1. Expressed as a fraction of 2.2 N^0.38 Å, the rule-of-thumb size for a compact globular protein of N residues, what is the C-alpha radius of gyration of the range 373-516?
2. What lysines could a cross-link reach from residue 198, if we take a straight Cα to Cα line under 28 Å and drop same-chain neighbours fewer than 8 places away?
3. Work through the residues other than residue 347 whose Cβ is under 13 Å from its Cβ and net out their charges, Lys, Arg +1 and Asp, Glu -1.
4. Would you kindly calculate the translational diffusion coefficient of the range 435-494, applying Stokes-Einstein with the Kirkwood radius from alpha carbon pairs, for 20 °C and a viscosity of 1.002 mPa s, and quote it in µm² s⁻¹ without decimals?
5. Which whole-number percentage describes the relative contact order of the chain, with Cα contacts under 8 Å and a sequence gap of 6 or more?
6. Pairs of alpha-carbon atoms within less than 8 angstrom and 6+ residues apart define the contacts here; what relative contact order does the range 564-688 have, in percent?
7. Please name whichever of 627, 83, 148 sits farthest to the positive end of the charge dipole of the chain, dipole taken about the Cα centre and charges placed at Cβ: Lys and Arg +1, Asp and Glu -1.
8. Taking one equal scatterer on every alpha-carbon of the range 388-430, how large is log10 of I(q)/I(0) by Debye at q = 0.20, 0.23, 0.26, 0.32 1/Å?
Amino acid sequence: MVQDSRRPLAGLAFATLALALAPARADSGAPPMLGFSAAGAAAEREREARLDAALAPAEMRAWLERLAARPHHVGSEGGRANAEWLREQFASWGFEARIETFEVLFPTPVERALELVAPGRFRARLDEPALADDGDARRLREELPPYNAYSIDGDVTGELVYVNQGLPRDYEELAQRGVDVRGRIVLARYGGAWRGIKPKVAAEKGAIGCIIYSDPRGDGYFEGDVWPRGGYRSRDAVQRGSVADMPIYSGDPLTPGVAAIEGAKRLPLAEVPVLTKIPVLPISYADAEPLLAALGGPVAPEGWRGALPVTYHLGPGPARVHLRVKFAWRIEPVHDVIAVLPGASAPDEWVLRGNHHDAWVYGATDPVSGMVAELAEAKAVGALAKSGWRPARTIVYAAWDGEEAGLLGSTEWAEAHAEELRARAVAYLNTDSIARGFLALAGSHSLERFANEVAREVTDPETGVSVLERMRAARIAKAVDDGERQRLREVADLRLEALGSGSDFTPFLQHLGVAALNFDYGGEEEYGQYHSSYDTAAHYLRFGDPRLDYVAAAARSGLRMTLRLAEAEVLPLTLEPVAAAIGEYVGEVEKLMGTMRRESEERARLLADRTLELAADPTRTFVAPPALDRVPYLELAPLQNAAALLAESAARFERAREAASGRGLDPALAAELNGFLRGCERLLLDDAGLPGRPWYRHLVYAPGQYTGYGVKTLPAVREAVELRRWDEANAQAARLAGLLDRARAAIDAMTARLGGGAAAGAASSAGS
Ligand SMILES: [Zn+2]
């Protein structure tokens, strides 16, 4: 690699930071780069071009085939071997690479049985046969059979009820048809929310067992040809997955909040709050069809019907099933691979980039495609380092183990290094599965401008436009009305989605308050093999990303983000999008209150004049829904004021930063500013955490208690409203307003240090 021409940062003690933020265009006409001077931006782009040129698709394909060659779940020989191989690669590229091991609870199945006992008899197959075109010789003996991790043991027999997706609203529909699941076993199809919500709600409603199946309508023949002819789910394929109650906490179920190392205080199994309350088993549609066909009772509502050739009935019965599951409740090691490239001038500031390496079985898509993108980045960065260049800040590449079971490796590592991360972490960048299609960006809104800037500079492999323009086109095409379409055309930056959970960013963002970004490519693959043993290299290379063009695009995206965060003179985090997003969320809560109020009033009217009863078929069971309590007006004014003032503060801060950068920041003030920016995500954390789940401390983003991976923004307020806990909603709105006021005071103090204050508006054209 060519020697790097720019090495201006000595302990980040550059003499001035002229033009560091949002500077004018350089003479060359190159666009500005957030946090860089014109000269710094030019050098950075030159470096990125060199790294792009080092990406080698043939090598990436070989890595993919290697890492997906054998099952590599937690505790497996394949997983241990992959971790060791990953460590060796990072080390050979010049990183200080090590494996950090934690000891976690990881149950694996000992017995699984499911049978229809009446009417007639049918025994479910519960395994996934090898198919002719699997390509790889599947190592059947090493595969984990299909199961849901953290289901409790159980042996139950009962009448079957079909509950659609098994979400709270589905049980309201069942109740109106007089169908009760108490003492019965529910059959739910995948979809609608994270799978762990289905057994949780079923248990709350009194069910004694839960079966989850993949309806062909979701990702099987309804969507396209099935494997091996096409990429969609074949008849015996099963979606494995964790059903731990992850919205309470992620990581090792036995050690919430602390690292699962030797001597850690571990909960007794009987006291673990995140295990399911009833036994759970996932099945294929081949196994589900005879169960559905044996159901009687009312015909399911139209939206509940899948794509199997049967009439979907709700039950209960006459189908009766026997479900038996038993697990080995072992403590297993998870092996996190940590590769460090120390920063030359700011070694105590860490830029973190991670992807998991464990899979349910072969995991060519999930997670190997994303892991390969990260490897390609790391190898290119390592080669640059071997040429003598060093990043200003420390870069940490992580390959996590145990993500599939519940973010085990990343959470334990984050808990083990919590103090260092709070002091040192700049941001955490996450990927998981990558395939053909569109860039998706989600994360801390402090990274919104930054992520958009990078997306503007990465070219889509198949259309030649920027990946940002493709993402914009997709959003415009999907927009619901002309107004939204017009807005999407006009805005420079596209809004980041907020993060719930579902990958390794959770412990960093929502437990520790490290700014986090999750990005991936996808949407044009044929993806019906999710969490089945058919997620193989052969499948991926036909239906995922055959030329690994999008894996390479992910690597180009990731290396830009990682390097720019590591090299920026002033960290490229901005506060205006944070305040704007919070303002939008407050507006959504207010709107939600209005919707719920109208629903309550309308429900009262429908009940008073017996409309629903008269509209129902008198020969069928109809149970009128209960009256809804009156929706009061919440005390939202303090929160609305706090959000509005936060927006003004953020705008003043950005103007002051731009003006100060234009004048030239002295090194001490630059260091102070970077320290402030590193800590700004933590302004949104409250150590008391969310109601009933203190591990989650972020008051703006959290996974929903009844959506799982799906995000709830302003979770403490919004969930209290959704659960109609009005006093709690008022108390949480007041707490959030207080938090935003404190955040504003901290921002104002930094603005004053930058010489901003009230008159800062004058400096809007600084830097030109
Ligand atoms: Zn994954």
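1. 1.20
2. 277, 326, 591, 712
3. Details: positive: 390, 393, 424; negative: 96, 348, 349, 420.
That works out to -1.
4. 177 µm²/s
5. Values: 1709 pairs, mean separation 140.9, N = 768.
Rounded, it is 18 percent for the chain.
6. Numbers: 55 pairs, mean separation 51.7, N = 125.
Across the range 564-688, relative contact order equals 41 percent.
7. Ranked along the dipole, the leading option is 627.
8. Taken in order of the listed q values, log10 I(q)/I(0) reads -0.74, -0.89, -1.03, -1.22.
The values are calculated or read from the model by the stated rules, or taken from the named source; none is laboratory data. This is a predicted model, so every value here is computed, not measured. In this analysis, Cβ positions are derived from the backbone assuming ideal geometry, glycine residues included, and neighbour counts consider all displayed protein chains. Surface areas here come from the heavy atoms of the whole protein model, side chains and all, with no ligands, DNA or RNA. Shrake-Rupley method; radii C 1.70, N 1.55, O 1.52, S 1.80 Å.
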